[in-house]
Amino acid sequence: MRIGELSRLTGVSTRSIRYYEEQGLIVPERQLSGYRAYDESAVRQVHQIKVLLSAGLNTSVIAEILPCIADPDNVLAPPCPELLDGLAAERAKLSESIDRLEAARRIMDTLIVDSDKPFSARL
DNA sequence: ATTCTTACA
DNA sequence: TGTAAGTA
């Protein structure tokens, strides 16, 4: 199949699919026409990439995770044990992001809740 | 009609 | 990531 069909089947834009390729996440063949040619397995791959991306992992991390996923049918299956440390580190980064966002929200809360007071009194 | 590459208000 | 341009 070509990129258009893969896009329909996965719900991922052709733009993103080409980006995945640029990041070395998926490697399609090429027809003499120059068009990218994907086999049915590409649907799964794109779905996996989508899940990994939603887990907050960047493409470089995903690139090393993909070839190490235990169960290709279940993206949530544990990958190679060698990568566990790295994944734990990524998880830690997520926690840091969450902390920063929560702090930002607390500030916004005070800005909203005390909106009846003058700015000078809210700082 | 589709895809390809490249570039950017 | 979307989208426009100019092709094949």
- Task: Please give the length that would be gained between residue A:97 and residue A:114 if that part of the chain were fully extended, namely 0.36 nm times their separation in residues minus their C-alpha to C-alpha distance (nm, one decimal).
- Result: 3.5 nm
- Projected area averaged over all directions for the convex hull of the alpha carbon atoms of chain A, nm², comes out at 11.1
- Sort the following peptides by mean Cβ neighbour count (other Cβ atoms within 10 Å, averaged over residues), highest first: A:21-32, A:104-115. A:21-32, A:104-115
- In whole angstrom, how far apart do the alpha carbon centroids of the stretch A:1-71 and the stretch A:75-110 sit? 24
- Item | Separation of the residue A:64 and residue A:31 label points, Cα + 7 Å toward Cβ, nm | 3.7
- Subtracting the Cα-Cα distance from 0.36 nm times the residue separation, let me have the gained length for residue A:73 to residue A:55 in nm, one decimal. 4.8 nm
- Note on the structure: Rounded to 0.05, the calculated FRET efficiency for the beta carbons of residue A:23 and residue A:105 at R₀ = 35 Å is 0.65
- Item | chain A, relative contact order in percent, only Cα pairs under 8 angstrom and at least six apart counted | 17
- Placed amide H near residue A:37: partners under 5 Å, 5+ positions off or other chain: A:29, A:30, A:31
- Message: Could you work out how much longer the chain between residue A:44 and residue A:88 gets when fully extended? Use 0.36 nm per residue separation minus the Cα distance between them, nm to one decimal.
- Response: 13.4 nm
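Bear in mind these aren't lab numbers, they're just calculated from the coordinates by the rules spelled out. Please read these numbers as outputs of a predicted model, since none were measured by experiment. Virtual Cβ from ideal backbone geometry, glycine too; neighbours counted across all protein chains shown.
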